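Comments concern the structure below.
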Amino acid sequence: MSKAQRLSLHVPAPKVRPGDTPDFSGVEIPKAGEVRRPDVAADPRDIRDLAFSVIRVLSRDGEALGPWAGTLTHDELIEGLKHMLTLRIFDARMLMAQRQGKTSFFMQCLGEEAVACAFQRALHKGDMNFPTYRQAGLLITQEYPLVSMMNQIYSNEADPIRGRQLPIMYSAKDYGFFSISGNLTTQFSQAVGWAMASAISRDTKIAVGWVGDGSTSENDFHAAMVFASTYQAPVVLNIVNNQWAISTFQGMAKGGSATFAARGHGFGLPSLRVDGNDFLAVHAVAKWAAERARRNLGPTLIEYVTYRAGGHSTSDDPAAYRPKEESDEWPLGDPILRLKEHLIKEGAWSEQRHAQTEAEIEDDVMSAQKEAEAIGTLNSGNAPSPRDMFEGVYAEMPPHLIKQRQEAGY
Amino acid sequence: MANMTMIEAIQSAHDSAMDRDERVVVFGEDVGFFGGVFRCTAGLQEKYGSTRCFDAPISELGIVGAAIGMAAYGLRPCIEIQFADYVYPAYDQIVSEAARLRHRSAGDFTCPLVIRMPVGGGIFGGQTHSQSPEAIFTHVSGLKTVMPSSPYDAKGLLCAAIEDPDPVIFLEPKRLYNGPFDGHHEKPVVPWRNHEAGEVPTDYYVEPLGQARVRRAGNDVTILAYGTMVYVAQAACDETGIDAEVIDLRSLLPLDIDTITESVKKTGRCVIVHEATLTGGYGGELAALVQENCFYHLEVPIQRITGWDTPYPHAQEWDYFPGPARVGRALQKAMES
Ligand SMILES: Cc1ncc(C[n+]2csc(CCOP(=O)(O)OP(=O)(O)O)c2C)c(N)n1
Ligand SMILES: [Mg+2]
């Protein structure tokens, strides 16, 4: 009898840690324009290759190439650029406000602005996003009032959700933006259910689920995929792979799967992988998937390859677990710079217009901030009344809560 | 002895337990290289290697389910759920599996497992970083539920929990991580280094599960509290001048009913304080037990001071948190009659 082999546990680890030289040599990036664009009605079995490549439109030189190019006009792209700039400036100011003690907590979208900003352009009024905390771009693209976002962040008297949730956990039904849950991935299956409801009702609306790379490990992710697959729900399921989940590298969630997109194959879902820092590519893919859902052809899974350039939140310092320079070395670049360069190359934009636009947005964001701060910040005393804490637990306040509210003095 | 915060004491408990028992493995979200978002597992991966302390995929269900398998194999997993608010995906594994394995297999399989998680509010964490879900665990037969309130107890109780042959839910009041917070949020928190319970042996020791600690001796009224509320209760005594006996339960299940009974028989009055919501909370169980054991000694009705029956708010944190003023009013009311 042969001697039994002693086993050992495999624990994945990132190639580099603080102090090491960033290494993205393992990130395979095809040339822009290289990946094919199948028909929207394609059989998922015939497009499995799209889960292993990266759909890209913008080349290194800022040219728009290949079959996925051409879904947006110059004017639309300029608008998209402005939205990304707004999001970035908004984030920077709110991050600062948190540091100044005006609120408790903040999370920014730095480096991944293109994902939500470009995606939203493929949606119609009435469609519903089930976002995570890193999709503020969905609201900004619809020109949801910055002041309302800030009021929420400051938990002040004008906060649309009455100081009940952590900063950035917005809710905006009229803008197709479902109330954000702090519990990861719970909303992925809800998106599928919303889409199923639209189909049951013979409606025309579609739903969109959002999840981070790390959060794909949650059971809800798999439950969402099986429901989407079984009922062929009109839903787009988005995975934003920004390489990190707090201190945990994406390899911990990906495990032995070649890519996150490839997770869809076991469920028979058409699964696409796209350059998340390429505004044009994100939009083209979003449009493809949204059309598929609208034509009752079923769900699509999309992985956006991007990079979380900032800390996880204001409670986090990424220098403790990844090289400081890693962000600069990210091979897919910065989504704002890439779109700007493209527009300049096309003769539709200039450095001068860019600088001027940036200054205008700075002013707009600043005046919104002044307006919000005039209403109140977290600690300035103008918070929603504690009485409100007892409201909305139920449609009608039950007697025990009325009693407790009175006991609390309200 | 060394001066430690509660975080350092918990880290030290892991370290001591891993050092003396190779079967102890530690994992959870961000606990490996980074050492946990609260740093309770800092340095363990470096010291014991990445097969004894490691990061986990973000799946609470997976973390607990895998830990149950390891425990059944014969390891001693001590796992972290990043915040108690995120334990719900694992609830089925805890309730239907960990808690019942010994009983349903008639001892064929057992589950010596510790599930640690930070609980409680006071950090402006809103509804997803503030909850106190102890009652959903004390309600389950087969589980033990522990909540320390000091660095000394945190280490001793965690070592005992790791040694325990059954699953233990180990709840860490995060507002106490850095100091004995008494509810006065407007004042800077006193660090543990200025508190005697911040003196922690560096060596291994256990504080047996199921023993309460009298934090303040008194004659007029008994306060039953645990976690952050122990310090809130003490502040309420100081501020009202009422000579209350403050009992820190430390272990909710098993419960030290003898210490409770002895005290309430002496004082004839009982106020129960917890941060969790009122209805169906652990305070109801305590009130029933006090009534059963001390009925003829009670001079006034038992009162419960707790969080309100609402989700934990963000902006109105201090209106929600049962602070010393509310506890003080309850003490006065107990003494009036
Ligand atoms: C159920 C649950 N478990 C754990 C957490 C704590 N947590 C918040 S964000 C996060 C990392 C998520 O990473 P990823 O999904 O990659 O999203 P990203 O932050 O990168 O956008 C963790 C572990 C949580 N909020 N909910
Ligand atoms: Mg991520």
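The values are calculated or read from the model by the stated rules, or taken from the named source; none is laboratory data. Since the model is a prediction, treat every value here as computed from it, not as a measurement. Here Cβ is always computed from backbone atoms with ideal geometry, including for glycine, and neighbour counts include all displayed protein chains. Areas reflect the complete protein model, heavy atoms only, side chains present, ligands, DNA and RNA absent. Shrake-Rupley method; radii C 1.70, N 1.55, O 1.52, S 1.80 Å.
If the chain linking B:PHE109 and B:ASP203 were pulled fully straight, counting 0.36 nm for each residue of separation and taking away their Cα-Cα distance, it would gain 30.7 nm.
Chain B contacts chain A over a buried accessible area of about 3200 Å², both sides summed; the probe is 1.4 Å and only protein chains count. Tell me the mean residue ellipticity at 222 nm calculated for chain A from its helices only (DSSP H runs of n ≥ 4, each -39500 (n - 2.57), averaged over every residue, nearest 500). Helix contribution divided over all residues of chain A: -11000 deg cm²/dmol. Summarising the amide proton neighbourhood of A:ARG273: residues at separation of 5 or more, or on other chains, whose placed amide H is nearer than 5 Å comprise A:SER53, A:ILE55, A:GLU303. Backbone geometry of segment B:179-191 corresponds, through the Karplus equation with coefficients 6.51, -1.76 and 1.60 at θ = phi - 60°, to 3J(HN,Hα) couplings of x, x, 5, 10, x, 8, 5, 7, 9, x, 6, 6, x Hz, x marking Gly and Pro. By accessible area, using a 1.4 Å probe on protein heavy atoms only, segment B:185-337 has 48% of its surface on carbon and sulfur. Modelled label positions at A:ASP317 and B:ASN293, each set 7 Å beyond Cα in the direction of Cβ, lie 4.7 nm from each other. Taking all protein chains together and a 1.4 Å probe, the residues A:ARG353, A:ARG292, A:ARG45, B:ARG216 rank A:ARG45, A:ARG353, B:ARG216, A:ARG292 from largest to smallest accessible area. Taking the DSSP bridge list for segment B:2-200 and keeping only pairs wholly inside it, about 10 percent are antiparallel. Between A:GLU396 and B:GLU46, the simple label model (points 7 Å from Cα in the Cβ direction) yields a spacing of 6.1 nm. Over 31 Å between Cα atoms: which of A:LYS15/B:LYS155; A:LYS31/A:LYS287; A:LYS15/B:LYS47 fall into that group? Checking Cα-Cα distances, A:LYS15/B:LYS155 exceed 31 Å. To check you understand DSSP bridge types, tell me what percent of the beta bridges within chain B (both residues inside) are antiparallel, rounded to 5. Counting only bridges with both partners in chain B, antiparallel ones make up about 20 percent. Which angle from 0 to 90°, rounded to the nearest 10, does the C-alpha axis of helix B:257-267 make with the longest principal axis of chain B? Result, in degrees: 20. Under 25 Å of direct C-alpha separation, and excluding same-chain neighbours fewer than eight residues apart, B:LYS187 reaches these lysines: A:LYS102, B:LYS174.
For chain A, the antiparallel share of DSSP beta bridges with both residues in that region comes to about 15%. The charge dipole of segment A:124-231, taken about the Cα centre with unit charges on the Cβ atoms of Lys, Arg (+1) and Asp, Glu (-1), comes to about 180 debye, rounded to the nearest 20.
Taking amide hydrogens as placed 1.01 Å from N in the peptide plane, the amide H of B:ILE223 sits under 5 Å from those of B:GLU245, B:VAL246, B:ILE247, B:VAL271, each at least 5 positions away in sequence or on another chain. Largest accessible area first, the residues B:HIS184, A:HIS400 order themselves as A:HIS400, B:HIS184 under a 1.4 Å probe with ligands, DNA and RNA left out. Ligands, DNA and RNA are left out, and with a 1.4 angstrom probe the accessible area of the protein assembly as shown is 39 Å² per residue.
Accessible area per residue (1.4 Å probe, heavy atoms of protein chains only) ranks B:TYR152, B:TYR88, A:TYR144, A:TYR154 as B:TYR88, B:TYR152, A:TYR144, A:TYR154, with the largest value leading.
Rolled with a 1.4 Å probe across the full set of protein chains, the surface gives B:SER105 an accessible area near 30 Å². With a Förster radius of 41 Å applied to the C-beta separation of B:MET335 and B:HIS185, the computed FRET efficiency comes to 0.95. Counting Cβ atoms of other protein chains within 10 Å of each residue's Cβ and taking the mean over peptide A:160-166 gives 5.
When the surface is traced with a 1.4 Å probe over the full set of protein chains, A:PHE260 keeps roughly 0 Å² accessible. In order along segment A:92-109, the Karplus-derived 3J(HN,Hα) couplings, from 6.51 cos²θ - 1.76 cosθ + 1.60 at θ = phi - 60°, round to 4, 5, 6, 4, 5, 4, 5, 4, 7, x, 7, 8, 8, 6, 7, 10, 10, 10 Hz, and Gly and Pro are given as x. Between segment B:74-88 and segment B:134-159, how many Å separate their Cα centres? Going from one Cα centre to the other spans 13 Å. Dipole magnitude for the protein assembly as shown: about 1240 debye, using +1 per Lys or Arg Cβ and -1 per Asp or Glu Cβ, origin at the Cα centre.
Multiply the residue separation of A:LYS125 and A:ASP174 by 0.36 nm, subtract the distance between their alpha-carbon atoms, and state the gained length in nm to one decimal.
16.8 nm
Heavy-atom accessible area for B:ASP258, with the other protein chains in place and a 1.4 Å probe, reaches approximately 110 Å².
Phi angles of segment B:160-173 translate, via the Karplus equation with coefficients 6.51, -1.76, 1.60 and θ = phi - 60°, into HN-Hα couplings of 5, 5, 5, 6, 5, x, 10, x, 10, 8, 10, 9, 10, x Hz per residue; Gly and Pro are given as x.
Per residue of peptide B:56-65, the mean number of Cβ atoms on other chains within 10 Å of the residue Cβ is 6.
The calculated 222 nm mean residue ellipticity attributable to helices in chain B amounts to -9500 deg cm²/dmol, summing -39500 (n - 2.57) over DSSP H runs of n ≥ 4 and dividing by all residues. Between A:ASP39 and A:LYS345, the FRET efficiency estimated from the beta carbon spacing at R0 = 41 angstrom works out to 0.85. Just the number, please: carbon plus sulfur as a percent of the accessible area of segment A:84-178, 1.4 Å probe, no ligands or DNA/RNA counted. Carbon and sulfur atoms account for 53 percent of the accessible area of segment A:84-178. Shown is the FRET efficiency for A:ALA197 and A:ASP328, computed with R0 = 30 Å from the Cβ-Cβ distance and rounded to the nearest 0.05: 0.10. In this rough spin-label picture, where each label sits 7 Å from Cα along the Cβ direction, the B:ARG216-B:TYR73 distance is 4.8 nm.
For A:LYS205, list the aspartates and glutamates whose Cα falls under 12 Å from its own Cα; do not include residues on the same chain fewer than 8 positions away. Filter leaves A:ASP127, A:GLU291.
Run the numbers on segment B:277-323: which residues show a drop of 50 Å² or more in accessible area, chain on its own versus all protein chains together, using a 1.4 Å probe over heavy atoms? Residues losing area: B:TRP308, B:ASP309, B:THR310, B:HIS314, B:ALA315, B:GLN316, B:ASP319.
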